[in-house]
């Protein structure tokens, strides 16, 4: 089923949870709603489910406007952050609940219901635990029961609120892969809410990045990561260094020295913020770059992290390299280095007013250079 | 923290003071509960086995016991239903005067029992506000077993409300939302999800209300009318026997009450244990 959302508004008192959201979801897509807490992502999910009613706007399921329909009639599979399993019911009874509460004329015979519930329990790989109660299950198992329960009603769309939020790191990773696989097999249109960018990038076909009740960017994983539409998106998707620089005739200047040259006039002359990820800095090859002094060094398994200071304004900059990279030996505290910026984005400073919401393009200029060395 | 910093103790428990607190608990329990209770048993033993049975199985005593426990059970059942409703309303809805209403629940706790008894009698007597109206419908409340039930219901209400309320507050809205998203109607949600979730608390409240009502004296004797074989409660019978200086007889009735209460409480506890097992360690 595909979903169209048009100009959705929702406020709680003075707080604008959703300020005009437009979103199209194609049938069978796996979409992540990503954003910090308070960005409206959960409210959007709950509006789609019918657990919250928008003040204005349209929600269409296959063209039919359901904005006023209660949750009961929407046939959505909703998985709650804390699972909300009925604790007085066994796993089987939990999964069968949605089938048992159907109206008499639509209800299947009990034997069929039990059989269907068993199939679903098998699908979520919990066969043998049918008689357990929720309190006898681990977090990951509860999560899967909640999913099986939501799938039992053959939902038109599957909605998951922070599906992995309450699990430990290891279980989370396993479940992620498992959910991806399950989505591939069942093909339900699926939306999930998360504040973990890694989770969103790993799992989703498309990522919707939200901030202050509005969508900052919608795109495939590559699109949002490679071409972040705003400094907010750039910062939210990973570690960021920000350098307050100037652009002068295609040259990016920091502390009075050129640190990069733009391919074209993609940013007007004047002040510009350079956003660069710690992993996108490399040791210079004799050309222009950022002069820094190494402050401290930390090895954490596969990566080496260093904090360096720019030579002129003493601004701290974080650097992150794979531990076997040939540049690593140069990282000695006190060493003076010139760093090349492999990839960075340019944004006009303060281009984001405090309530940036109405979708005006914030991106002014951008420099993307791939480096495969 | 201090327990960790201290050198190794003989006890392996992290929490210090187990021996001291256990000793205190046992001493306190003995002084306050066990010694007086055993005194009752010793006193009633003076009658001998046959004397005891003669006293306890006398028709008047049996009738009184039946009334006390029967009325207490009925009152507790009424409270289990309506007390749960009151708790539901207090937890789920916001309305003017909610705090006052909430405070009123505790009134039967706080009111001296004799005051409650007089108030109920005044209301339900055939010339009272409610009593006159009911008398018109042919229902007599004061000075009948029905009056005993009314008094038992009155004093038991706060027990159910106050045990169910926190559990309902704890029952996340998410359960209801989950049930609705799965297609359950409001009624199905209440019957299949909410009531079973709070059932253990309702049973606890029922037990407390029952225990209180079974032993209640002050608020009942005024409205009961105390006619032997009809509206005479067991605690009153004990008082009567005491006034006749029949100490052994009084303690025999007391022992009967005690055994009945204890076995009923044990049965309810067993039921609760079974429920808790079924639901795992949830609550």
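If a residue must be in a strand (DSSP E or B) and under 11 Å from residue A:4 (Cβ atoms), how many such residues does the stretch A:48-86 contain?
Total meeting the criteria: 7.
Given B:177, B:172, which one is at pLDDT below 85 and within 10 Å of chain A (Cβ to nearest Cβ)?
B:172
Just checking, which of A:50, A:57, A:35 is in contact (Cβ under 8 Å) with a residue 24 or more places away in the chain, in the same structural domain as residue A:20 (by TED's automatic domain parsing) and under 24 Å from residue A:220 (Cα atoms)?
A:35
Residues that are touching a strand residue (DSSP E or B) at 6+ places or on another chain (Cβ under 8 Å): list the helices (runs of 4 or more DSSP H) wholly contained in the stretch B:70-133 that include at least 3 such residues.
none
Quick one: would you say residue A:130 is within 14 Å of chain B (Cβ to nearest Cβ) and part of a loop (DSSP other than H, G, I, E, B)?
So residue A:130 fails the test.
Give the residues of the stretch A:90-124 that are touching a helix residue (DSSP H, G or I) at 6+ places or on another chain (Cβ under 7 Å) and within 29 Å of residue B:168 (Cβ to Cβ), sorted by residue number.
Listed by number, the residues that qualify are A:91, A:92, A:94, A:95, A:96, A:97, A:98, A:99, A:100, A:101, A:117.
Residues checked against (1) modelled with pLDDT of 90 or more; (2) crowded, with 19+ Cβ neighbours inside 10 Å:
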{"residue": "A:186", "(1), (2)": "no, no"}
{"residue": "A:196", "(1), (2)": "no, no"}
{"residue": "A:208", "(1), (2)": "yes, yes"}
{"residue": "A:228", "(1), (2)": "no, yes"}
{"residue": "A:238", "(1), (2)": "no, no"}
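When both residues are 6+ apart or on different chains and their Cβ atoms are under 6 Å apart, which pairs have a first residue that lies in the stretch A:135-150 and is at the interface with chain B (Cβ under 9 Å from one of its Cβ atoms), and a second that is part of a helix (DSSP H, G or I) and crowded, with 20+ Cβ neighbours inside 10 Å?
Every condition considered, the pairs that remain are A:149/A:94; A:149/A:95.
Of all residues in the stretch A:51-73, which are touching a helix residue (DSSP H, G or I) at 6+ places or on another chain (Cβ under 7 Å) and at the interface with another protein chain (Cβ under 8 Å from one of its Cβ atoms)?
A:51, A:71, A:72
Looking at A:233, A:193, A:224, which one is touching a residue at least 40 places away in the same chain (Cβ under 8 Å) and touching a strand residue (DSSP E or B) at 6+ places or on another chain (Cβ under 8 Å)?
Criteria check complete, one pass: A:193.
Is one or more of the residues making up the stretch A:87-110 within 15 Å of residue B:181 (Cα to Cα), within 26 Å of the chain's Cα centre (by Cα) and not in a helix (DSSP H, G or I)?
Looking for residues that are within 15 Å of residue B:181 (Cα to Cα), within 26 Å of the chain's Cα centre (by Cα) and not in a helix (DSSP H, G or I), one finds none in the stretch A:87-110, hence no.
The values are calculated or read from the model by the stated rules, or taken from the named source; none is laboratory data. If you're wondering where the values come from, they're calculated on a predicted model, not measured in any experiment. Heads up, the Cβs are rebuilt from the backbone with ideal geometry, glycines too, and the neighbour counts pull from every protein chain shown.
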